[in-house]
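Here the structure comes first, spelled out in structure tokens, and everything after it is commentary.
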Ligand SMILES: NC(=O)c1ccc[n+]([C@@H]2O[C@H](COP(=O)([O-])OP(=O)(O)OC[C@H]3O[C@@H](n4cnc5c(N)ncnc54)[C@H](O)[C@@H]3O)[C@@H](O)[C@H]2O)c1
């Protein structure tokens, strides 16, 4: 498989390029690059052969990324986060014509945690649900996109479960809510812990990301899978289902 990495000059782009190896890279693109020596300032500057675009750039790039991929009929894996509703519309439109994979967290482990959490929420009955997420002190979004994705999967199984983000008010906890608590310290890559408790027993599911390379590994595996799919919008749930 030959991939084009968009955002190749960034932290994730570097990790992905190292992991993929030269033999699996069709082109490296980044607005910070000058075009030349296998590097491209813009995807549009590259017209050679490729199997897939992997985008680790910035959510604002999505219009140009999707139009390039639709024009060239290239599958695209979108790993960027923080898309606005308008930007999400470009993704949904592209998925009508090409295979599109999108996930705010490319970790296979987190995908399994999401599946297990949804199953516990469905089968464990009435219980209090609390989530604790921890990340490095440079992270801007609170709570993490992954915490929100996990909460959404729990809500799929347990309707009418509002989020209480950063509980600080006095008073008893409503029984149906999902509490989310965000810690920010040091260089923590990302920890998510979900606690389900009914007073008689407690289930705790926890995922620790040890190194950002895990996102690159997940992206490469998902890209291999994506290039054999029909046009449509896919995520980690589809990927781990096989
Ligand atoms: N899905 C996941 O598992 C996962 C994991 C880590 C990071 N991310 C996301 O991936 C993105 C990149 O993360 P990072 O830590 O590598 O960031 P970074 O800031 O280190 O790198 C981003 C790179 O993209 C380039 N860029 C910006 N706009 C561009 C554009 N329009 N076209 C081409 N290149 C452009 C920048 O020059 C920079 O080199 C972020 O959206 C981040 O949230 C997702």
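Every read-out reported here was derived from the displayed coordinates using simple, explicitly stated rules and does not represent laboratory data. These numbers were taken from a predicted model, which means no experiment stands behind them. Here the Cβ is made from the backbone with ideal geometry for all residues, glycine too, and neighbour counts use every protein chain on show.
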(request) Could you work out how far helix 213-226 tilts from the main Cα principal axis of the chain, as a 0 to 90 degree angle to the nearest 10? (result) 70
(request) For the chain, set up a Gaussian network in which alpha carbons nearer than 10 Å are linked by springs, and say which option among 74, 183, 123 fluctuates the most. (result) 123
(request) Please give the calculated 222 nm ellipticity per residue for the chain, where each DSSP H segment of at least 4 residues contributes -39500 (n - 2.57) and the sum is spread over every residue; nearest 500 deg cm²/dmol? (result) -10000 deg cm²/dmol
(request) Calculate how steeply helix 85-94 sits against the longest principal axis of the alpha-carbon atoms of the chain, using the helix alpha-carbon long axis, and give the answer as 0 to 90 degrees to the nearest 10. (result) 60
(request) For residue 240 paired with residue 1, estimate the spin-label separation in nm (one decimal), with each label point 7 Å from Cα along the Cα-to-Cβ line. (result) 1.8
(message) Under 18 Å from a point placed 7 Å out from the Cα of residue 137 along the Cα-to-Cβ direction: which residues of the range 181-211 have their backbone N that close?
(response) 182-191
(message) Considering all alpha-carbon pairs of the chain, what whole percent are spaced by more than 31 angstrom?
(response) 28
(request) Using a/c under 1.5 as the rounded threshold, could you call the range 93-236 rounded, prolate or oblate? The axes a ≥ b ≥ c are square roots of the C-alpha gyration tensor eigenvalues, and prolate needs a/b larger than b/c, oblate otherwise. (result) prolate
(request) Relative to the longest principal axis of the C-alpha atoms of the chain, give the angle of the C-alpha long axis of helix 11-20, reported between 0 and 90° and rounded to the nearest 10°. (result) 70
(message) Starting from the 7 Å offset along Cα-to-Cβ, what nm value, one decimal, do you get for the label separation of residue 116 and residue 217?
(response) 1.7
(message) Could you give the length gained by full extension between residue 229 and residue 11, i.e. 0.36 nm per residue of separation minus their alpha carbon distance, to one decimal place?
(response) 75.7 nm
(request) Assign one of three labels to the range 107-187, namely rounded, prolate or oblate, based on the Cα gyration tensor with a ≥ b ≥ c the square roots of its eigenvalues; rounded applies when a/c is under 1.5, prolate when it is not and a/b is larger than b/c, and oblate otherwise. (result) oblate
(request) Nearest 5 is fine: what % of DSSP beta bridges in the range 108-209 come out antiparallel, could you say? (result) 60
(message) With the crude spin-label approximation of a point 7 Å out along Cα→Cβ, what separation in nm comes out for residue 93 versus residue 108?
(response) 3.5
(request) Any chance you could check the Cα centroid distance between the range 152-209 and the range 70-121 for me, in angstrom? (result) 23
